[in-house]
Amino acid sequence: MSNKLVKPHGNEIIVDDGSKEYTIKNKRGKVLGKFEFSPTDTNIVKRYEEVVEFYNSYQLPKNPTETDMRTAEDEIMNRISYLVGADAKEAFFSILGAFSPLANGELFIENVLSSIAKVIEREMNTRTKKVQSRMNKYVAKYHN
């Protein structure tokens, strides 16, 4: 446990929830938005898998109406919000609609999911290494 205790402020309890703010940029570096989430929440991988499964199994009617498309977009945006614990509609889908096709043939929702997965993987790897290093410091004396 760290000796770096946070000084209490009145009746507040302050904890480190592991959250970070992420800036959403396009390929040219233009800032499109921001959102905050905890990429190393131990439940995030499970939520990610649930969202991907939902997306992969989602079935639109054969001849979807505009209402069907809006309903599908809303459901998918709500799932992304569930995944990151933030308002995905504001953070991501104010930029483009979920089903907007990109130049590479990918839908914008697929690009968003892929980008979130990369952040989760990178943060998990970084933090896992830090935990391992910290643990090694404490158990090294038992291995020598």
*Mind grabbing the accessible area of GLU49 for me, 1.4 Å probe, Å², rounded to tens?*
110
*Gain upon complete extension [LYS27, VAL119; 0.36 nm per residue less C-alpha separation]*: 31.5 nm
*asked:* Rounded, prolate or oblate, given the Cα gyration tensor of segment 1-112, with a/c below 1.5 counting as rounded?
replied: prolate
_Before I look further, what does the chain give for accessible area per residue, probe 1.4 Å, in whole square angstrom?_
75
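Quick one: dipole size for the chain, taken about the Cα centre, charges +1 on Lys/Arg Cβ and -1 on Asp/Glu Cβ, in debye to the nearest 20.
The dipole of the chain has a size of about 1100 debye.
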*Give me the percent of the accessible area of the chain that comes from carbon and sulfur atoms, probe 1.4 Å, all protein chains in place.*
51
*asked:* Placing +1 on the Cβ of each Lys and Arg and -1 on the Cβ of each Asp and Glu in the chain, which of VAL131, PHE93, ASN111 has its Cα farthest towards the positive end of the resulting dipole?
replied: VAL131
*Hull surface divided by four, with the convex hull built on the Cα atoms of segment 49-144: how many nm²?*
8.9
*asked:* Give me the percent relative contact order of the chain, please, defined on Cα pairs under 8 angstrom at least 6 residues apart.
replied: 19
*For the Cα atoms of the chain, what angle does the longest principal axis make with the long axis of helix 108-143, in degrees from 0 to 90, nearest 10?*
10
_Inter-probe distance in nm under a simple model that places probes 7 Å from Cα toward Cβ, at ASN111 and LYS89_ = 2.2
*Given the protein chains as shown and a 1.4 Å probe, how many square angstrom of ARG70 are accessible, to the nearest 10?*
110
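The values are calculated or read from the model by the stated rules, or taken from the named source; none is laboratory data. Quick caveat: nothing in here was measured; it's all calculated off a predicted structure. Reconstructed Cβ throughout: ideal geometry from the backbone, glycine too, with neighbour counts over all protein chains shown. When the accessible area is computed, the model is the full protein with side chains, heavy atoms only, and any ligands, DNA or RNA have been set aside. Shrake-Rupley method; radii C 1.70, N 1.55, O 1.52, S 1.80 Å.
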